[in-house]
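The values are calculated or read from the model by the stated rules, or taken from the named source; none is laboratory data. Nothing here was measured: the structure is a model prediction, and the numbers come from that model. All Cβ positions, even for glycine, are placed from backbone atoms using ideal geometry, and neighbour counts span all protein chains on display. Calculation scope for accessible area: heavy atoms of the full protein, side chains included, ligands and nucleic acids excluded. Shrake-Rupley method; radii C 1.70, N 1.55, O 1.52, S 1.80 Å.
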Amino acid sequence: MCWGVPAKILSLDGPTALVDFGGVKKEVVVAASGISSGDLVMIHAGMIIGKLSPEDFMENVALYRDIRTQELLDAGLDEKAAKEKATDETDKLLNSLGVRGSIASIEPEVAEPMAVAEKEIFIPSNAFKRSYKVSLSDTDYLQVMHYTNYFRFCERAQQELLEGLGFSYAALIHKFGLFVPTVETSGRILGPVRLDNMIEVAVWVEEVGRKHIKFRNVIKNLTSGKVVAECSTVSVCTDTTLMESMPLPAELAEKLKRYMVETD
Amino acid sequence: MVRYLKSQLDDRELIRQVFRQNLPLASKLRDTIWKYASAIREREKCDAIKIMNFCGTHEWTTTYYGLRDLLPPFLDMVAGPGCPVCVVPSYYVDVAVKLAREGIRIYTYGDSLRLRSAKAGCPASLQEVKVDGGDVKVVYSFLDAARDSREQGKESVFFGIGFETTAPSYALTLTRGMVSEDLKFLNVMRLTPPSMKYTVKIHQERGLLPIRGVIAPGHVSTIIGAAEWEFLPRVHGLPTVVAGFEPIDVLMAVAQILLMIKENRPAVKIEYKRLVKWGGNEYAKKLIDEVFERAYAAWRGLGFIPRSGLKLKGEFFEKHDALKHFDVPDLTPKEFIYTHAHHGVPWEHDLPPRCRCGEVIVGIAKPADCPLFMKGCSPLNPWGPCMVSSEGACAIWARYSEMSSVKSEARSGDG
């Protein structure tokens, strides 16, 4: 609803003013500050929304100069010559319409460069990747995946990574008498995953200590093509009977090297 | 310089000379636009470049002055949701009609008078109630309504439509105690940036030809400030130009948008420098904050958009809200009704059968794509909401399309 009509102010009376639309006089409310009698104002739905001043008008016209300057620059002129020529042309245009002012004193608008896009999240090429489909039970009331499920999917991918190396959870417990509970997590959720979206979970190993493994996960929403979460988890090798930490089997540590990437 | 300007011509005449009847500048701008648009098309090998003119008045300028004929056929100018009459949910029309039939005086702007409810029945619009002898009065402004209701001393309701541009007039009139308690306010205020966000989102979600640039509304930005549109280049990478409403204004905006696309440097620019400031009209913004708060709001044909409406707050709500006073339930998102057990009415698809206004206002369909356009639905007998107001895309096309070829050749692969 931008229908506006310019009018001249005849008199001001507190919150209202009498304006002249070029013959028709009408009382309107004043919704702008710094208005005085005789000003040219813009009226919308019985209300003054702003004042039109000659300075602003010239600035408005100067915009053509900016467009023209750019065009001349593209045509191969140098900056100073382009600006002068564009100013000259705009002035001539104005003069032909009966305005004798010049826009030479008005500074061209400086285009502000927009903020640079965020640093892209790195996924190493040798990371272990698995795709899953988000089902109804993963989502919350808004049919967006609940935050806890990001961890569930990461855990599932880690489990499959270990299974691929020959260390399924069952094997760890029954063959080695140990387990790798997660003791520390940290993560950032960057975007939503909705019902029926496909996600890709990338897992790699950042650190293998004497007793712990640090996994790093990045979840990508394949439907929207955006990275939606990143998290890292630390698992500690634990003896199932003593419930105490113990050194990782050398075999496992060796095999984990396949997915080892050191990032930041 | 300033003195020169004042002595030369009447200021209004000058604006007309420079921004409306300026043929040499128009032809130069046309050349610039053709050059840049062709360069972009060549570089990106795209069928069309889609630019959205958010505001209904921009659509009017574009169509009335035949700008589409000046522009390259592959430059697709589509209308946006910037028409407050087109987005009034049918439910509020039903409420106004019901109140009018109960003998309450309804004040309305001229263009919402003919707004039809989606429900079949008679009377379907305030105009029909008026014909039936209902007490419906057309006013020019809220101030006039307040004056009139004070004199009459009769229970009355103002049909309060509008965007941010109109909100300060309501706020000022309410805060200065110019409104008697008899006059209630049926609130259908909507905000423009959330609906712009929605429009961009819907284009992305449905995989339509993307919007490449936005001509932002001039008078709305006069109030809220051009800085309010910064999310468009920042989040969506869309060049945005806040433009005025004369033909040269629109051409300059298009040229600037193309320039930004070509340079690949999206930003917000103000073309309408003679009125728009970066921070907007601080005085008016403060007034709005005093009286209104943001709320979940329904848009006709679209449904609920979060934080896209204004609602009276505090004492103003207690004293002047029409729905509260007459104990009529408000439109409420379905989820809220179920979870909080509030009384409320869920929004339902509220367009007449076959009407495509919901797609027209977000720039997915052109008015001429609608099966009702100029068949069942014409400016004389408007069926859908876009045919009602002088700012509705359908009404503009119906009235002025003879002046230019509105059927752009570069039809996006839209549905």
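Tabulated data
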{"quantity": "Close pairs (7 angstrom Cβ cut-off, 6 or more residues apart or separate chains): closer than 17 Å to A:Cys154 by Cα in the range A:207-231, surrounded by 21 or more Cβ atoms within 10 Å (Cβ to Cβ) and of a type in the set (Asp, Glu) anywhere", "calculated": "A:Asn217/A:Glu230; A:Val218/A:Glu230"}
{"quantity": "Residue that is farthest from the other protein chains (Cβ to nearest Cβ) [pool: residues in the range B:196-229 that are part of a loop (DSSP other than H, G, I, E, B) and crowded, with 18+ Cβ neighbours inside 10 Å]", "calculated": "B:Leu209"}
{"quantity": "Members of the range B:254-280 found to be surrounded by 23 or more Cβ atoms within 10 Å (Cβ to Cβ), within 21 Å of B:Thr166 (Cβ to Cβ) and more than 10 Å from chain A (Cβ to nearest Cβ), listed by number", "calculated": "none"}
{"quantity": "Helices (runs of 4 or more DSSP H) lying entirely in the range B:318-374 (those with 1 or more residues that are modelled with pLDDT of 90 or more and in contact with a Phe, Trp or Tyr (Cβ under 7 Å, 6 or more places away or on another chain))", "calculated": "B:322-325"}
{"quantity": "From B:Gly237, B:Gly314, residue being open to solvent by 10 Å² or more (accessible area, probe 1.4 Å) and more than 9 Å from chain A (Cβ to nearest Cβ)", "calculated": "B:Gly314"}
{"quantity": "Given (1) in contact with a strand residue (DSSP E or B) (Cβ under 8 Å, 6 or more places away or on another chain); (2) away from chain A (no Cβ under 11 Å), index of the condition B:Gly303 fails", "calculated": "(1)"}
{"quantity": "Criterion: more than 24 Å from the chain's Cα centre (by Cα) and buried (at least 22 other Cβ atoms within 10 Å of the Cβ) - qualifying residue of B:Ala100, B:Ala118, B:Ala96", "calculated": "B:Ala100"}
{"quantity": "So A:Ala7, is it of a type in the set (Gly, Ala, Ser) and assigned to a helix (DSSP H, G or I)", "calculated": "no"}
{"quantity": "The listed residue being at pLDDT 90 or above, open to solvent by 10 Å² or more (accessible area, probe 1.4 Å) and among the small types (Gly, Ala, Ser), out of B:Ser180, B:Ser169, B:Ser141", "calculated": "B:Ser180"}
{"quantity": "Test set (1) within 14 Å of chain A (Cβ to nearest Cβ); (2) at pLDDT below 90 - B:Gly392 fails condition number", "calculated": "(2)"}
{"quantity": "Condition met for B:Tyr283 (within 11 Å of chain A (Cβ to nearest Cβ), part of a loop (DSSP other than H, G, I, E, B) and at pLDDT 90 or above)", "calculated": "no"}
{"quantity": "Residue under evaluation A:Leu142, criteria (1) touching a residue at least 60 places away in the same chain (Cβ under 8 Å); (2) outside any helix (DSSP H, G or I); (3) under 23 Å from A:Leu222 (Cα atoms), criterion not met", "calculated": "(1)"}
{"quantity": "Qualifying residues in the range A:73-98 (those that are assigned to a helix (DSSP H, G or I) and of a type in the set (Gly, Ala, Ser)) - the one nearest to the other protein chains (Cβ to nearest Cβ)", "calculated": "A:Ser96"}
{"quantity": "Lone unmet requirement of (1) within 10 Å of chain A (Cβ to nearest Cβ); (2) touching a helix residue (DSSP H, G or I) at 6+ places or on another chain (Cβ under 8 Å); (3) part of a loop (DSSP other than H, G, I, E, B); (4) not hydrophobic (A, V, I, L, M, F, W, C) for B:Pro84", "calculated": "(2)"}
{"quantity": "Failed criterion for B:Glu164 (all others in (1) surrounded by 23 or more Cβ atoms within 10 Å (Cβ to Cβ); (2) over 14 Å from the mean Cα position of the chain (by Cα); (3) within 14 Å of chain A (Cβ to nearest Cβ) hold)", "calculated": "(2)"}
{"quantity": "The range B:1-60: number of residues that are open to solvent by 70 Å² or more (accessible area, probe 1.4 Å), modelled with pLDDT of 90 or more and within 7 Å of chain A (Cβ to nearest Cβ)", "calculated": "0"}
{"quantity": "Unmet criterion (only one of (1) more than 30 Å from B:Trp229 (Cα to Cα); (2) modelled with pLDDT of 90 or more; (3) of a type in the set (A, V, I, L, M, F, W, C)) for A:Val144", "calculated": "(1)"}
{"quantity": "Every residue from the range B:129-149 that is within 14 Å of another protein chain (Cβ to nearest Cβ) and either over 19 Å from B:His325 (Cβ atoms) or over 25 Å from the mean Cα position of the chain (by Cα) (or both)", "calculated": "B:Val138, B:Val139, B:Tyr140, B:Ser141, B:Leu143, B:Asp144, B:Arg147, B:Asp148"}
{"quantity": "Subset of the range B:145-161 that is outside any strand (DSSP E or B), under 7 Å from B:Asp182 (Cβ atoms) and of a type outside the set (Lys, Arg) - its residue that is modelled with the lowest pLDDT", "calculated": "B:Gly153"}
{"quantity": "Complete set of residues in the range A:14-72 that are more than 9 Å from every other protein chain (Cβ to nearest Cβ), surrounded by fewer than 20 Cβ atoms within 10 Å (Cβ to Cβ) and assigned to a strand (DSSP E or B)", "calculated": "A:Leu18, A:Asp20, A:Lys25"}
{"quantity": "Boolean, B:Lys130 is touching a strand residue (DSSP E or B) at 6+ places or on another chain (Cβ under 6 Å), crowded, with 17+ Cβ neighbours inside 10 Å and among the charged types (D, E, K, R)", "calculated": "yes"}
